[in-house]
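The values are calculated or read from the model by the stated rules, or taken from the named source; none is laboratory data. Keep in mind the model is a prediction, meaning the values are calculated, not measured. Positions of Cβ are backbone-derived with ideal geometry, glycine not excepted, and every protein chain shown enters the neighbour counts.
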Amino acid sequence: MTHALKSPDSSRANSKALYGGTSSRRITVRDIAAAKERGEKWPMLTAYDAMTASVFDEAGIPVLLVGDSMGNCHLGYESTVPVTMDEITLLSAAVVRGTKRALIVGDLPFGSYQEGAVQALRNATRLVKEAGVGAVKLEGGERSAHQIELLVQAGIPVMAHVGLTPQSVNAYGGYPVQGRGEEAAQQLLRDAKAVQDAGAFAVVLELVPAELAAEVTRILHIPTVGIGAGVECDAQVLVWTDMAGMTAGRVPRFVKQYAQLREALGGAAKAFAEDVVGAAYPAEEHSFH
């Protein structure tokens, strides 16, 4: 594709792009739908605080997820299961305050919507009113369709999540790839169609065979957001600490690390400590008289 010549129409289309677009207003679910129609791919990252969110917002990341992954990488839990509504609400509000353009999606944590649609509406409303998020996300396909439908009817945009659903880690006994085999593949297709029919504006496909994710992406008219689901999804999401090399130890196979911030931050801390021990900091230029 050449960029040497651009028609007025292509220029207008570029100005509306989710990533690299020129609009300074908040991105909405209508923009997400339009990107699917244009065949535009877009990135999504997690964020859990105002400072990090502002960096991603300035970088042009169009959608930020305040994910319950905060349990693993931010709050020190062993899984996402212990994360509470109070924690999600507090950190979602921080991310909203730190951004100007990105669509902020707040996760509904385990136990905040499984009782039924009324519980889901109560907690989703809290995220919208108290934190100011533009949408919420919840896990589950057919089993969560009723909750999604009620939230959408109430005016709350919903991002769905099928395939591997981390809140079900105890039922899975780990984090296995989902949708392998004919029966499992058909169930995932039913789940994806169910959340679309319920009104979800997008659906996350996690740890799904690339071929199956491509089929789901082709069938649905809402965008698919892949994480360990191959390149054919409409969008891709990563936990930011994985993406930037902040996570200690091994990371999942699907993660590409674009920096080594853990090493850089540790090096800065050691350099500071050595300066303090050696009386090199504060120097004259850092002192007042």
Sort through 30, 12 and tell me the only one that's modelled with pLDDT of 95 or more, in a helix (DSSP H, G or I) and loosely packed, with under 14 Cβ neighbours inside 10 Å. 30
When every residue in segment 228-253 that is touching a residue at least 24 places away in the same chain (Cβ under 8 Å) and over 15 Å from the mean Cα position of the chain (by Cα) is compared, the one farthest from residue 179 (Cα to Cα) is 246
Identify the single condition in (1) of a type outside the set (Val, Ile, Thr); (2) touching a Cys at 6+ places or on another chain (Cβ under 8 Å); (3) over 30 Å from residue 152 (Cα atoms) that residue 258 does not satisfy, given that it satisfies every other one. (2)
How many residues of segment 197-213 are crowded, with 17+ Cβ neighbours inside 10 Å and either of a type in the set (D, E, K, R) or free of Cβ contacts under 8 Å to residues at least 12 places away in the same chain (or both)? The answer is 1
Report, by residue number, each residue of segment 116-142 that is touching a residue at least 40 places away in the same chain (Cβ under 8 Å) and of a type in the set (D, E, K, R). 126, 130, 137, 142
Among the listed residues 160, 145, identify the single one that is over 25 Å from residue 262 (Cα atoms), in contact (Cβ under 8 Å) with a residue 40 or more places away in the chain and either surrounded by fewer than 24 Cβ atoms within 10 Å (Cβ to Cβ) or outside the structural domain of residue 229 (by TED's automatic domain parsing) (or both). 145
If you go through 269, 194, the only one that is buried (at least 18 other Cβ atoms within 10 Å of the Cβ), over 14 Å from the mean Cα position of the chain (by Cα) and aliphatic (A, V, I, L, M) is 194
How many residues does segment 102-135 contain that are in contact with a Phe, Trp or Tyr (Cβ under 9 Å, 6 or more places away or on another chain) and within 22 Å of residue 237 (Cα to Cα)? 3
Of all residues in segment 232-289, count the ones that are at pLDDT 95 or above, of a type in the set (Lys, Arg) and under 25 Å from residue 166 (Cβ atoms). 2
